[in-house]
Each structure stands twice: as C-alpha cells, then as structure tokens.
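Please read the structure below before turning to the comments.
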Amino acid sequence: CNGVFNGEMLLDECGVCGGDGPEEGLSCDGEPLSLNKSLIPQGYTLSQNYPNPFNPITYIHYSVPNYDFINIDIINISGQIIKTIVQSSHQPGNYEIIWDGTNHYEIPVPSGIYFYKMDANEFVSVKKLVLLK
C-alpha cells in the first residue's frame with residue numbers, strides 16, 4: 001500500500017488504500033444510493049393518543065408525507081380551542097407531541113372529553129381523548 005503515513009495505512013471509507021472513497025451518489029460497490037423510502041410516510045396520519053384515558057400526560061403521534069404546515073388543536077366538548085399544541089412547518093416524517101392537560105395559559109383543564117384536530121394542506125382529522133383526574 002502506497003498510502004502509508006507514520007507506519008499507518010491511509011484507507012478511505014471503502015477500505016481502499018490511498019483511495020478517494022466512492023463517487024458522490026454511489027455506494028462502495030458502485031451501486032446508486034437511495035433514500036430509505038420506508039422512513040418517509042406514504043400519507044398523513046393522526047393516531048389515537050395514548051394512554052387514553054390519561055392523567056397527567058398523553059402522547060399524540062402523527063405523520064407528514066410532504067413538507068407542510070401542520071396545526072394541531074385541543075378542543076373542548078363545546079367546540080372551543082383550548083390549546084394549540086402544534087403550529088409549524090414540518091419536513092416529511094413521523095412526529096410525537098405530548099399534551100399535559102393544560103390550556104393556553106398552562107392552567108390544568110378539568111376532567112372530561114376533549115378532541116384533538118390536525119389540519120394540513122389537504123388533510124383534516126379529529127380524534128377523541130379523555131382526561132381523568
């Protein structure tokens with residue numbers, strides 16, 4: 001190996017002595033690199049919260065297949081938005097948010113039935129959750 005420096009061989013990331021590594025976009029075998037499509041959701045989803053019923057926190061999982069602006073609100077039984085827990089742009093992927101049973105002012109809300117609503121560009125979904133104290 002001609003790539004010896006101070007008694008050590010200089011190998012590239014493919015293990016080639018004195019090599020420059022693979023060409024951009026190719027693996028060490030010369031195969032094209034591709035995104036792992038299984039990591040990118042195929043569609044929007046809003047999953048059921050867990051645990052449900054809950055006290056003091058619950059987890060809400062959602063998926064976004066494209067770059068999009070996502071809004072998730074907590075709504076009381078009267079239809080009033082009591083807290084917006086997500087309001088931002090998202091890259092494609094899977095996400096999880098925690099709701100701690102508080103309103104916009106961080107005051108705990110009473111036990112009862114609540115809804116959470118996810119709004120995206122071409123997607124709207126509503127699920128029910130129960131807070132027990």
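The values are calculated or read from the model by the stated rules, or taken from the named source; none is laboratory data. In this text the structure is predicted, and so the values were computed from the model without any measurement. Backbone-built Cβ (ideal geometry, glycine too); neighbour counts: all protein chains shown. Surface accessibility is based on the protein's heavy atoms, side chains included, excluding ligands, DNA and RNA. Shrake-Rupley method; radii C 1.70, N 1.55, O 1.52, S 1.80 Å.
Note on the range 84-133: enclosed strands (runs of 3 or more DSSP E) holding 1 or more residues that are over 17 Å from the mean Cα position of the chain (by Cα) and farther than 15 Å from PRO65 by Cα are 112-120, 123-131. When you go through SER125, SER78 one by one, which is the residue that is among the small types (Gly, Ala, Ser) and open to solvent by 40 Å² or more (accessible area, probe 1.4 Å)? Answer to the check: SER78. Under the condition of being open to solvent by less than 80 Å² (accessible area, probe 1.4 Å), part of a loop (DSSP other than H, G, I, E, B) and either touching a His at 6+ places or on another chain (Cβ under 9 Å) or on the phi > 0 side of the Ramachandran plot (or both), the residues counted in the range 41-75 number 2.
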